[in-house]
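Quick notes on the structure that follows.
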Amino acid sequence: MSRTERVVQAGLAALLLLHAVSLAVPATLWSLSALAVWPRPWAVAWTGAALLACFAAPFLAARLRLPAYPGRRGAALLSLAAAVAFWLLRQRTHFSGDGFLLVRDRGWSETVTRARLLVECTTRTVHAAESSFGWSAERTLALLSVASGVAGTYALFRFAASLTPERDGRWLVACLLLGGTCMQLFFGHVEYYPMVAAALLVYLALVARTCSARFTSGTLVSLAAFGALLSFHLSTLALAPAVGWLAWRAWRLGHRKAVGIGVAAIPLLAALLVLVASGRPGSLLTTSVGGWTRYTAAYFEPTSARHAFPFFSLAHALAVGNDILRAAPLALLGPLMFLFLRQQRPGAVPALEFLLLAATGVLLTNSVFLRELGPYRDWDIFAPFGFVLLGCTGALLLAAGAATRVTIVLVLIGSVHSLLPWILTLASPKAAVAHVHRALEAESQWSPHARAYMHEELAIWQRQRGDAALALQEYEAAVRANPADARYHVGLANQYAERGEMAAAAREYALALERRPDYAPAHNNLAYVLAQQGQDLDRAREHARRALALEPENPDYLLTLARIEVAAGRPLVARAALQQALERRRVFPEAEKLLRSLPP
């Protein structure tokens with residue numbers, strides 16, 4: 001083995017040992033290892049087998065027969081074949097990211113402020129599929145994830161081909177990218193970020209091709225395309241330092257007209273695409289400026305419910321490290337190669353400087369970004385950029401002369417060891433839920449806001465499955481995590497009401513109103529519980545009218561008021577409320593049934 005191969009082998013062995021350590025102290029050093037929820041003997045055997053294979057890499061490499069690297073047609077066929085695996089092994093739960101929120105809101109979320117074009121197109125697709133085929137939002141978003149995987153996999157192969165003309169080098173980079181755990185985005189992940197990942201891979205392929213042509217072609221398109229990328233998702237602003245280098249390098253090589261037009265096109269194209277998506281052209285600028293305070297403030301506010309840890313603390317470093325370990329563990333080979341290259345003259349990889357700056361921008365942005373929803377739900381914000389880190393690592397390996405079959409075998413071992421457990425874990429609802437609970441044990445990584453939000457998501461999922469007891473436990477955990485948030489008290493009270501424990505429900509609704517006096521659901525639900533108890537109907541009526549004052553168009557609140565009036569012996573007033581409810585919701589079986597029961 002060469003010295004470079006030994007460095008890669010040592011780095012991979014260290015990563016595998018980190019998996020072993022995480023099994024011994026789960027939720028302490030590495031709170032997001034998928035193996036933490038595997039049966040202990042299987043997890044130990046899996047890691048042990050990978051370690052043995054790591055040290056047997058030269059023997060395995062001698063028997064490796066690499067096929068010809070696929071061209072455009074071959075890459076397309078492989079990408080379509082990958083779609084089958086993406087769909088069959090897709091995620092069956094959606095705790096990572098805002099999956100539940102998107103399903104409930106049929107493809108819409110506040111992400112629109114930083115991804116107008118993406119959100120608008122996705123939402124229209126979800127609505128069209130629902131009206132035309134009767135598909136749920138979950139199904140459509142999962143299909144979009146798989147489709148993004150097809151486009152992303154094709155771009156991935158072309159990106160690797162543009163980095164080097166050598167077959168072994170191309171396979172090395174392709175295996176590195178295909179084995180990144182960020183590929184998990186394409187396995188039916190219900191969120192916007194699979195589309196962001198595919199767009200990023202397309203952009204990396206475009207830039208790598210431009211660099212390999214020494215900017216004689218593609219310079220203008222590569223620069224202008226950054227504007228399209230920004231309109232797709234503002235998080236891609238992390239690539240700005242690398243795009244700046246791209247423009248500077250092309251300018252130095254004499255392509256000044258292309259640079260001038262391309263740089264000018266960046267804001268114009270971004271604004272135009274946002275405008276096409278029915279947004280304000282300047283919204284990306286205002287969001288990027290205003291978002292700086294939003295995404296950093298809680299680092300410096302220890303009393304905030306969104307404060308998990310101080311900026312530049314040990315817990316902060318652990319959070320950044322966990323992001324990389326979850327999205328692209330083999331990217332940790334990159335720093336080893338960077339240090340190794342300082343001791344020798346690197347080989348020629350035209351896109352290396354671009355990728356180094358892109359990776360630096362990604363890491364700096366991720367370090368500043370506040371994990372307001374916790375390590376589990378905010379993971380997919382960083383995940384698309386795992387491909388940037390892996391691409392940079394691949395370029396460093398090429399520059400270090402590591403494009404050998406031994407290195408390819410080592411990369412394959414590390415990729416399979418990391419990615420396969422994640423795929424299998426998230427394809428199993430039982431394992432996925434167990435993993436969420438294991439991640440919640442990492443005390444330093446969660447703010448009260450994030451922890452409570454996660455427990456609420458678990459409660460909703462358990463309730464949808466029909467397990468009322470577990471849903472109650474999760475709502476109780478949410479209230480303990482963030483007792484200042486009225487929403488969790490209402491959720492817990494709803495569970496008590498469904499169990500017939502009206503006194504406990506009334507107590508929680510009252511606590512919710514102490515924390516948020518103008519919370520309409522708490523007023524309405526407290527009114528309903530008081531009416532069910534048959535006590536203090538005047539107080540129940542007061543809460544029902546308060547809920548309607550806050551949300552006058554809500555037909556459910558009118559139904560609650562009607563029930564109170566029926567209990568109070570005022571059928572004419574109840575009839576008027578029910579008729580108003582039916583004007584607002586024409587298909588309303590509960591209101592129709594109550595109306596029929598009233599005397600004429």
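The values are calculated or read from the model by the stated rules, or taken from the named source; none is laboratory data. Quantities reported herein were computed from a predicted structural model and do not represent experimental measurements. As a convention, Cβ positions derive from the backbone with ideal geometry for all residues, glycine included, and neighbour counts pool all protein chains shown.
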So if I check each of Tyr488, Tyr453, which one is at pLDDT 95 or above and under 30 Å from Ala547 (Cα atoms)? Tyr488
Can you find a residue in the range 518-533 that is β-branched (Val, Ile, Thr) and under 26 Å from Val436 (Cα atoms)? no
Does the range 369-387 include one or more residues that are in contact with a helix residue (DSSP H, G or I) (Cβ under 7 Å, 6 or more places away or on another chain), of a type in the set (Val, Ile, Thr), modelled with pLDDT of 90 or more and assigned to a helix (DSSP H, G or I)? no
So, Gly386, is that one buried (at least 21 other Cβ atoms within 10 Å of the Cβ), out of contact with any Lys or Arg (no Cβ under 8 Å at 6 or more places or on another chain) and under 28 Å from Ala250 (Cα atoms) or not? yes
Under 6 Å between Cβ atoms, which residue pairs at least 6 apart in sequence (or on different chains) link something in the range 483-494 that is in contact (Cβ under 8 Å) with a residue 12 or more places away in the chain with a partner that is aromatic (Phe, Trp, Tyr)? Ala486/Tyr519; Gly491/Tyr475; Leu492/Tyr475; Ala493/Tyr509
Just one listed residue, out of Ala264, Ala242, is within 24 Å of Ser217 (Cβ to Cβ), at pLDDT 90 or above and surrounded by 15 or more Cβ atoms within 10 Å (Cβ to Cβ), and it is Ala242
In the range 59-89, residues that are more than 19 Å from Val150 (Cβ to Cβ) and among the aliphatic types (A, V, I, L, M) total 6
Please give the number of the condition Gln91 fails out of (1) assigned to a helix (DSSP H, G or I); (2) over 14 Å from Gly414 (Cβ atoms). (1)
Look through the range 349-376, keep the residues that are polar (S, T, N, Q) and over 14 Å from the mean Cα position of the chain (by Cα), and return whichever of them is farthest from Asp98 (Cα to Cα). Thr360
Could you run through the range 312-337 and say how many residues are under 19 Å from Tyr376 (Cα atoms) and not in a helix (DSSP H, G or I)? 1
Out of the residues in the range 57-77 that are in a helix (DSSP H, G or I) and under 35 Å from the mean Cα position of the chain (by Cα), which is nearest to Val7 (Cα to Cα)? Ala57
Hey, which of the helices (runs of 4 or more DSSP H) in the range 530-600, taking only ones fully inside, have at least 3 residues that are in contact with a Pro (Cβ under 8 Å, 6 or more places away or on another chain)? 571-584
So which of Leu16, Leu35 ends up being at pLDDT 90 or above, within 29 Å of Thr404 (Cβ to Cβ), within 26 Å of the chain's Cα centre (by Cα) and not polar (S, T, N, Q)? Leu16
